[in-house]
Amino acid sequence: MPKLLALLIMIAGLGPGELPEYSPAGDKALTLDLEIDGYENGFMDPDRLLEVGNCLLERDAAYTYSLMREAAEEDGITLRPSSCYRSYHVQERAYERRCPIVEVPTYAETPLGDTVQTGTKQRRVCTGLPTARAGYSNHGWGRAIDFSDRRGLLTCYDKEFLWLQRNAHRFGWVHPRWARCGADLEEAWHWEFAGVTDPTLVDYVRLDPSLLATAE
């Protein structure tokens, strides 16, 4: 058994073979506690962030993600994060790439009923996958992960997605309603930390965050 998981089980007071199980406190990323503590989206204090398996997250999200990752590996599933915490400037650059401001023609109708170009105007045009504006993505709170497999971003049919669908809620992670399969903005790869119903389960990490820093 990995050392980190054994330590967490010991702290939680569980018996051999038992895994801690939580239920999400909501159906989307929890951010109110961070806002109350004075944090800003995309400007998270480095002391509040932890890296687990090449994924930088807010420390409470990192704690439950580390447990979820270990549980997936026990089931033969490898969770591969492709995008975790994004600073404001990283999100800003991503948005500008996807939604650049371009010149588009303007038209008017003549008295004879013809349509002629009268000039141009600037307009933001988005292409490719939807991208939130800087300051509005839950990646900016460090409480969202985009997952991929060896081929690219997860789809609704990948085994990794199906595992998350069955198990992520046990660790406080959810697939937000807007991203669910069949939704207009379907994003099978996007998952968020919604908090857990008993927040005392993660308090010890705040006392010694080095526990997760050495998880690898």
query = Here is a list of conditions, (1) closer than 17 Å to residue 193 by Cβ; (2) modelled with pLDDT under 50, and residue 48 meets all of them except one; can you say which number that is?
reply = (2)
note = Wholly inside the range 63-161, strands (runs of 3 or more DSSP E) that include 1 or more residues that are under 25 Å from residue 30 (Cα atoms) and of a type in the set (D, E, K, R) are 80-83, 144-148
query = Taking the stated definitions as given, is residue 97 surrounded by fewer than 18 Cβ atoms within 10 Å (Cβ to Cβ) and either under 15 Å from residue 191 (Cβ atoms) or among the charged types (D, E, K, R) (or both)?
reply = yes
ask   = When you go through 146, 184 one by one, which is the residue that is among the charged types (D, E, K, R) and modelled with pLDDT under 95?
value = 184
request  = Those residues that are surrounded by 11 or more Cβ atoms within 10 Å (Cβ to Cβ) and either touching a Lys or Arg at 6+ places or on another chain (Cβ under 6 Å) or at positive phi (or both), I need them from the range 31-44; list them, please.
outcome  = 42
remark   = Being over 15 Å from the mean Cα position of the chain (by Cα), of a type in the set (Ser, Thr, Tyr) and either within 23 Å of residue 192 (Cα to Cα) or buried (at least 17 other Cβ atoms within 10 Å of the Cβ) (or both) narrows 83, 23 down to just 23
Members of the range 169-190 that are over 21 Å from residue 132 (Cβ atoms) and under 15 Å from the mean Cα position of the chain (by Cα) = 169, 171, 172
ask   = Name the pairs: first residue in the range 125-150 and over 18 Å from residue 89 (Cα atoms), second residue aliphatic (A, V, I, L, M) and surrounded by fewer than 16 Cβ atoms within 10 Å (Cβ to Cβ), Cβ to Cβ under 6 Å, at least 6 apart or on different chains?
value = 125/102
note = Picked from the range 45-75 (must be basic (Lys, Arg) and under 16 Å from residue 145 (Cα atoms)), the residue surrounded by the fewest Cβ atoms within 10 Å (Cβ to Cβ) is 59
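The values are calculated or read from the model by the stated rules, or taken from the named source; none is laboratory data. Keep in mind it's a predicted model, so treat the numbers as computed, not measured. Reconstructed Cβ throughout: ideal geometry from the backbone, glycine too, with neighbour counts over all protein chains shown.
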